[in-house]
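The values are calculated or read from the model by the stated rules, or taken from the named source; none is laboratory data. Small disclaimer: the values here were computed from a predicted structure and weren't measured. For neighbour counting, all protein chains shown are included, and Cβ atoms are generated from backbone atoms with ideal geometry for every residue, glycine included. Protein only, heavy atoms only, side chains kept; ligands, DNA and RNA dropped before computing areas. Shrake-Rupley method; radii C 1.70, N 1.55, O 1.52, S 1.80 Å.
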There are 2 protein chains.
Amino acid sequence: LHFLHIVDQGLEFPSFDGKDRVLHINERNYKKALKRFDMLCLLYHEPQPAHKGRQKQLQMTELVLELTAQVLEDKDIGFGMVDSQKDAKVAKKLGLEEEGSLYIFKDDRVIEFDGEFSADTLVEFLLDVLEDPVELISNPMELRAFERMEEDIRLIGYFKGEDSYYKAFQEASERFQPYIKFFATFDKATAKHLSLKMNEVNFYEPFMEEPAILPGRQLSEMEIVEFVHQHKRATLRKLRAEDMFETWEDDLDGIHIVAFAEEEDPDGYEFLEILKDVARDNTNNPELSIVWIDPDDFPLLTTYWEKTFKVNLFKPQIGVVNLCSTCCVWLDMSNDEDLPTAEELEDWIEDVLSGKVNTEDDDDVKDYYDYDEVDREDRHHGDNHEDHGDYDDHDDSG
Amino acid sequence: LHFLHIVDQGLEFPSFDGKDRVLHINERNYKKALKRFDMLCLLYHEPQPAHKGRQKQLQMTELVLELTAQVLEDKDIGFGMVDSQKDAKVAKKLGLEEEGSLYIFKDDRVIEFDGEFSADTLVEFLLDVLEDPVELISNPMELRAFERMEEDIRLIGYFKGEDSYYKAFQEASERFQPYIKFFATFDKATAKHLSLKMNEVNFYEPFMEEPAILPGRQLSEMEIVEFVHQHKRATLRKLRAEDMFETWEDDLDGIHIVAFAEEEDPDGYEFLEILKDVARDNTNNPELSIVWIDPDDFPLLTTYWEKTFKVNLFKPQIGVVNLCSTCCVWLDMSNDEDLPTAEELEDWIEDVLSGKVNTEDDDDVKDYYDYDEVDREDRHHGDNHEDHGDYDDHDDSG
């Protein structure tokens, strides 16, 4: 007890020290700032709002940026704010477009950050940007690490060494860093294990077992970039803090099919495996993209989602969310002891895509209001108890 | 762009709404508060400090508690603060001991939270406490989920059903919730797969392949509790936000062997696999407990650790940290292209345990100062490049 201050040495979380590190960027200083730092991060923000609550929000955003700057003080990264009204000219010159986004200038490229604006997420993101955009895979253990990363879009190429084809691959990788992961190997055995021919590049969609092979060998930077742009919306994609708003904005005609599942939970894991099966069976359907959210990754949003979507997140769920109305329909999984099979899930998804299940259906809406009322009950009983018959008897075939 | 406010619907992070929800707990109101809520969370804090910086820190802590209370508003959880000086009497009655800890009163037990004091971590922790303390495993997919959780201490028991032996197991689980995970199965096939006999309980140490079998069948609550207390310091334990300070305080005579490795990184993954091998070989050595830190889990601490420990965290590291002086020695892995083998790592650990490698060695201290100066260089080159000879030539056999 009395050792507290000694033993906590080594685990001291930083808090803002009050020193201003974030620059106000304007026409006079932007060029100098770009030159001075290895990397410059500019927050493009709305003009000082009249509304008090939004004023405070903007202040909090600035504080997050200040703390990030403080934590990364030794990394030669500059931070600045650009007001979309007062600094409209600079913003135009720099190509800033989306209010609330952070733009990172590194060498001759610009990376847009459109994720959770917290110091945690930002610091991790910026440290990733500092790393090499291509990771080399050179032994069986690293290969196993590569094969385990099923949640991410990954490209891997086999090259002789740092030759011109590798360079093209590397240039392409810089355009997607750190969102899409690029790997390379110069090792014959590794290439053989992956069935990669010399100068060939494979594209792994998240959760798919087999990669797509990029057409042609000796690929140019633009050929790789084009291919990635065409394939980057995955059939099953996990919501990640670092690009959550971008993912959310990339909707399917105003809706998202959203699945909630905690991977750490046996029930959630099981549901996720079923979901992966469905995604694998339907990977060629360009209309289908399911957003998987692991509530464990977003503790602060969990109860908000429960309220907004009127759904119980103590167990797995899948539903359709209408982004304009935040109206939604959830697949009813309360009647069964078991989760749906892959076939049942596919039938439901077909109904969603054909419009048979949609968020304008009144009966469905009623259904999940009913559902909401039993959430508390359900939570206390858990999923594996026999006694949840009390809310099983409402009919939802309507 | 102009759709921003529409499409962000569904992803709104909460910010504190200004409404006070955290109670000041004192002698007059504590009993009422305990009765009123399903769960009561009390922050036991130091008296109002004179120092400005610490005053602000206490304020920030209170804000975190307020935001947590706001997010969990519908969950029937009460929140309060107890001043260790002004409310000393209440604190004594309630058994609060460690300043800075949060105590959770649920039914007739008290759970101490001694982790990262952020709203994220707290909310996730409290949601975990709301769940059932025992999870049932009833099919092969859930079993696979169970088998994948190698990072956590897990117990699993096989019971006929919710009989008295299961009840004892459940009572024991409540004493460790949510830090140690308890599972049960009523399913013969699942039990068979785990080689569990009826009323038997297995204890899985993190990263070990084979479980320990609790001696005796038809175990009482106390027998289970005793066993867990005796075995809960694992040979390899991962630092987790929810109990990081507790783990850190549970040192080995003032030192920790600390390993940094990013599991998501091929290099880090490889190093971690070696580390697991070493831990498996030495699981019976009570003197050995390695703390594994994945820097990805603690972005705000990464640069702080780099400074405090004078070590480059863009690649895997293992070292000895002296908690009194935060002095440390790191295993030199810069001379080789390859990571150490399990044997080399074991030799080094033996040297640590025998005192041959220790933090009082001046030469070693000099070594990592040298090391620090090349960090930046190293970072830009990455690990897999051939051209890091520039700092390979200093000799550290000293």
Computed curve, region B:246-295, Cα-only Debye sum without solvent term, log₁₀ I(q)/I(0) at 0.19, 0.25, 0.28 Å⁻¹, is -0.68, -0.99, -1.08
Taking 10 °C and 1.306 mPa s as the conditions, I'd like the Stokes-Einstein D for region B:223-265 in µm²/s, using the Kirkwood hydrodynamic radius from alpha carbon pairs. 129 µm²/s
Farthest towards the positive end of the dipole of the protein assembly as shown, among A:245, A:208, A:165 and with Cβ unit charges of +1 on Lys and Arg and -1 on Asp and Glu, lies the Cα of A:245
Mean shadow area (nm²) of the C-alpha convex hull around the protein assembly as shown is 35.3 nm²
Provide the per-residue ³J(HN,Hα) series for region B:92-100, in order, calculated from phi with Karplus coefficients 6.51, -1.76, 1.60 and θ = phi - 60°, each as a whole number of Hz, with x at glycine and proline positions. 5, 4, 8, x, 7, 10, 9, 4, x
Roughly what percent of Cα-Cα pairs across chain A reach past 31 Å? 50 percent
For residue A:231, solvent-accessible area (1.4 Å; no DNA, RNA or ligand), Å²: 70 Å²
Cα gyration tensor of region B:256-337, axes a ≥ b ≥ c as square roots of the eigenvalues: rounded (a/c below 1.5), prolate (a/b > b/c) or oblate? oblate
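Out of region B:39-137, which chymotrypsin sites (Phe, Trp or Tyr not before Pro) are coil in DSSP terms and have no more than 15 other C-beta atoms within 10 Å? Could you put the intermediate results ahead of the total?
Values: sites: B:44, B:79, B:103, B:105, B:113, B:117, B:125; in loops: B:117.
In loop regions of region B:39-137 (DSSP not H, G, I, E or B), there are no sparsely surrounded chymotrypsin sites (Phe, Trp or Tyr not before Pro).
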The answer for residue B:23, listing residues at least 5 apart or on another chain whose modeled amide H is closer than 5 Å to its amide H, is B:79, B:80, B:81
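With all protein chains present and a 1.4 Å probe, how do A:148, B:280, B:154 order by accessible area, largest first?
The ranking, largest first, comes out as A:148, B:280, B:154.
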Please list, in chain and number order, the residues 5+ apart from residue B:327 or on another chain whose amide H is under 5 Å from its amide H, with Hs placed from the backbone. B:322
Using label points projected 7 Å from each Cα along Cα→Cβ, tell me how many nm separate residue B:93 and residue B:307, to one decimal. 4.4 nm
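Does region B:142-190 come out rounded, prolate or oblate by the C-alpha gyration tensor, with a ≥ b ≥ c the root eigenvalues, rounded set by a/c under 1.5 and, if not, prolate when a/b is larger than b/c and oblate if not?
oblate
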For B:277, A:20, what's the largest-to-smallest order of accessible area, 1.4 Å probe? A:20, B:277
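Could you estimate the translational diffusion coefficient of region B:8-70 from the Stokes-Einstein equation, with Rh from the Kirkwood formula over C-alpha pairs, at 25 °C and 0.890 mPa s, in whole µm²/s? Write down the numbers at each step before the final one.
Details: Rh = 13.9 Å.
Translational diffusion coefficient: 176 µm²/s.
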Accessible surface of residue B:341 in the full protein assembly, 1.4 angstrom probe, to the nearest 10 Å²? 60 Å²
Binning at 5 angstrom from zero up to the longest distance, how are the C-alpha pair distances of region A:1-134 distributed in percent? 2, 9, 19, 22, 19, 12, 7, 4, 3, 2, 1, 0
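Would you rank B:45, B:256 by solvent-accessible area, highest first, keeping every protein chain in place and using a 1.4 Å probe?
Working: B:45 20, B:256 0 Å².
Sorted by accessible area, descending: B:45, B:256.
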Alpha-carbon centroids, region A:223-298 and region B:227-292: separation in whole Å: 33 Å
Expressed in angstrom and rounded, the centroid-to-centroid distance over alpha carbons for region B:168-218 and region A:107-138 is 41 Å
Inter-centroid distance (Cα atoms) of region A:19-85 relative to region A:144-162, Å: 35 Å
For region A:111-208, which GluC sites (Glu not before Pro) are both in a DSSP coil and crowded by at most 10 other Cβ atoms within 10 Å? none
Between chain A and chain B, with a rotation axis joining them, whose C-beta in A is nearest that axis, and what is the whole-Å distance? A:120, 4
Any chance you could look up the accessible area of residue B:237 with a 1.4 Å probe, heavy atoms only, rounded to 10 Å²? 30 Å²
Given the DSSP H assignment, sum -39500 (n - 2.57) over each helix run of at least 4 residues in chain A and divide by its residue total; what's the result at 222 nm in deg cm²/dmol, nearest 500? -11500 deg cm²/dmol
Partner lysines for residue B:276 [C-alpha distance under 16 Å; skip if fewer than 8 residues away on the same chain]: B:238
Can you bin region A:110-248 into rounded, prolate or oblate? Criterion: square roots of the alpha carbon gyration tensor eigenvalues sorted a ≥ b ≥ c, rounded for a/c under 1.5, prolate for a/b above b/c, oblate for the rest. prolate
